[in-house]
Amino acid sequence: MKILMLTWEYPPRIVGGISKVVYDLSGRLIKDGHDVTVVTYREGNAPYFEVDKGVNVYRVDNYMINSNNFIDWILQLNFKMIAKASEIISKQGKFDIIHAHDWLVASCAKTLKDAYDIPMTATIHATESGRNSGIRDETQRYINDTEWMLTYEATEVIVNSNYMKCELQRLFGLPFEKISVIPNGINMSMYNGIEKDYDFRRKVASDNEKIIMYAGRLVYEKGVQNLISAAPKILSGYHDTKFVIVR
């Protein structure tokens, strides 16, 4: 299958978690025998084109004009991504499917879907409402509406948890069967042969203590508040437990 991945971040550009997800997913799909092309934003001195472990990666610059705001910048980036994807299609033929990652590439995904009659799936990594505990201003409303459009236009929507599935159903009224839950994978082989660093461990806990560690941004959608709320109940049953929060 020929797959077109659309993302605003891909290594070496790392803004959030999307970059890592697209990188790992693309590599896995290559191993499974698929043909994967990524179109993304070029940052710094990254090459405009490279074959990254079998993945064809095309990067585009944004327009050399000042945008009024972040929304305008994203729209300009989508125009450039549309042009690059169209160029690839004209030279190499149509893709079998478009995979769009979050609202940041929604305009590009919808345009290519309609222009070339290519089915499109979308992964929603987070929602604007979830990031802000609601929609409070016009910018947030625009992003929220764009998320709805992306999920509406997609043949299938992918999320990484049942919590996110319920959130999309609540926010956008998506049919239950349209949303697939695919948890982010972990390549356990990366940890083969790694020995425990007991000296480092002893900086935060005694040898007999169990460690429950949180690593991530201290924001609502990451759920650290749920861990903190659960701590007293856990400690009442497991006294030799240490909570460690890394941000």
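Evaluated at q = 0.10, 0.22, 0.26, 0.27 Å⁻¹, a Debye calculation over the C-alpha positions of segment 1-84 (equal weights, vacuum) places log10 I(q)/I(0) at -0.24, -1.05, -1.34, -1.40.
The packing ranking of peptides 104-110, 138-144, 177-183, highest mean first, is 104-110, 138-144, 177-183, where packing means the average number of other beta carbon atoms within 10 angstrom of each residue. At 1.306 mPa s and 10 °C, plugging the Kirkwood radius over alpha-carbon pairs of segment 4-48 into Stokes-Einstein gives what diffusion coefficient in µm²/s? Rounded, D is 146 µm²/s.
From the alpha carbon gyration tensor of segment 208-247, can you work out the equivalent ellipsoid semi-axes (sqrt of 5 times each eigenvalue) and give them in Å, largest to smallest? All intermediate terms of the calculation are to be shown ahead of the outcome.
On the way: eigenvalues 80, 29, 4 Å².
Largest first, segment 208-247 gives 20, 12, 5 Å.
Working with all protein chains in place, sort Met120, Met190, Met149 by solvent-accessible area computed with a 1.4 Å probe, largest first. Working shown, then result.
Numbers: Met120 0, Met190 115, Met149 45 Å².
Largest accessible area first, the list is Met190, Met149, Met120.
The C-alpha atoms of the chain define a longest principal axis, and helix 106-116 lies at about 40 degrees to it.
Taking Cα atoms only, the orientation of helix 138-153 departs from the longest principal axis of the chain by about 70 degrees. In the chain, inverting the average of 1/r over every pair of distinct C-alpha atoms gives 20.2 Å as the Kirkwood radius. So for segment 61-147, considering every pair of alpha-carbon atoms, how many percent are separated by more than 17 Å? When every Cα pair of segment 61-147 is considered, 54 percent fall beyond 17 Å.
Of all DSSP beta bridges in the chain, what percent run antiparallel (nearest 5)? Present the calculation step by step, with values, prior to reporting the outcome.
Working: 4 of 34 bridges.
Of the beta bridges lying entirely in the chain, close to 10 percent run antiparallel.
Using C-alpha pairs under 8 Å with a sequence gap of at least 6, the mean separation divided by the residue count of segment 1-125 gives a relative contact order of 26 percent.
On a per residue basis, the chain carries 58 Å² of accessible surface, using protein heavy atoms and a 1.4 Å probe.
Rounded to the nearest 500, the 222 nm mean residue ellipticity of the chain from helices alone is -12500 deg cm²/dmol, with -39,500 (n - 2.57) taken per DSSP H run of at least 4 residues. Of all the accessible heavy-atom surface of the chain, with the other protein chains kept in place and a 1.4 Å probe, what percent is carbon and sulfur? The computed percentage sits at 55. With all pairs of separate Cα atoms included, segment 23-170 yields a Kirkwood hydrodynamic radius of 16.5 Å. Leu150 sits among other residues whose Cβ lies under 11 Å from its own Cβ, and their net charge, with Lys and Arg +1 and Asp and Glu -1, is -2.
The values are calculated or read from the model by the stated rules, or taken from the named source; none is laboratory data. From a predicted model like this one, the values you see are computed outputs, not experimental measurements. Glycine gets a Cβ as well: all are built from the backbone with ideal geometry, and neighbour counts include every protein chain shown. In case anyone asks, the SASA skips ligands and DNA or RNA and just uses the protein heavy atoms, side chains included. Shrake-Rupley method; radii C 1.70, N 1.55, O 1.52, S 1.80 Å.
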